[in-house]
Amino acid sequence: MAGWPSLQSGDEHRNVRTLQYLLRHQGEPLEVDGAFGPHT
């Protein structure tokens with residue numbers, strides 16, 4: 001089983017959306033837009 005991909009500021013793809021959904025589930029107030037910006 002492969003591990004999680006590395007993500008960094010500026011990334012834009014479905015893995016960033018997944019990360020954002022997981023962060024929201026933990027209570028972080030951020031928009032799920034698929035762009036790894038300053039709020040992510």
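All of the numbers you see were taken from the coordinates with simple rules; none came from a lab. As the structure is a computational prediction, the values presented were derived from the model and not from experiment. Note that each Cβ is placed from the backbone with ideal geometry, even for glycine, and that neighbours are counted across all protein chains shown.
At-a-glance table
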read-out	value
Pairs where the first residue, in the stretch 7-25, is over 9 Å from Phe36 (Cβ atoms) and the second is among the polar types (S, T, N, Q) and part of a loop (DSSP other than H, G, I, E, B), C-beta under 9 Å, 6+ apart	Leu23/Thr40
Where a residue in the stretch 27-39 is among the aliphatic types (A, V, I, L, M) and its partner, wherever it lies, is surrounded by 14 or more Cβ atoms within 10 Å (Cβ to Cβ), with Cβ under 7 Å and at least six apart	Leu30/Gln20; Leu30/Leu23; Leu30/Thr40; Val32/Arg17; Val32/Gln20; Ala35/Val16
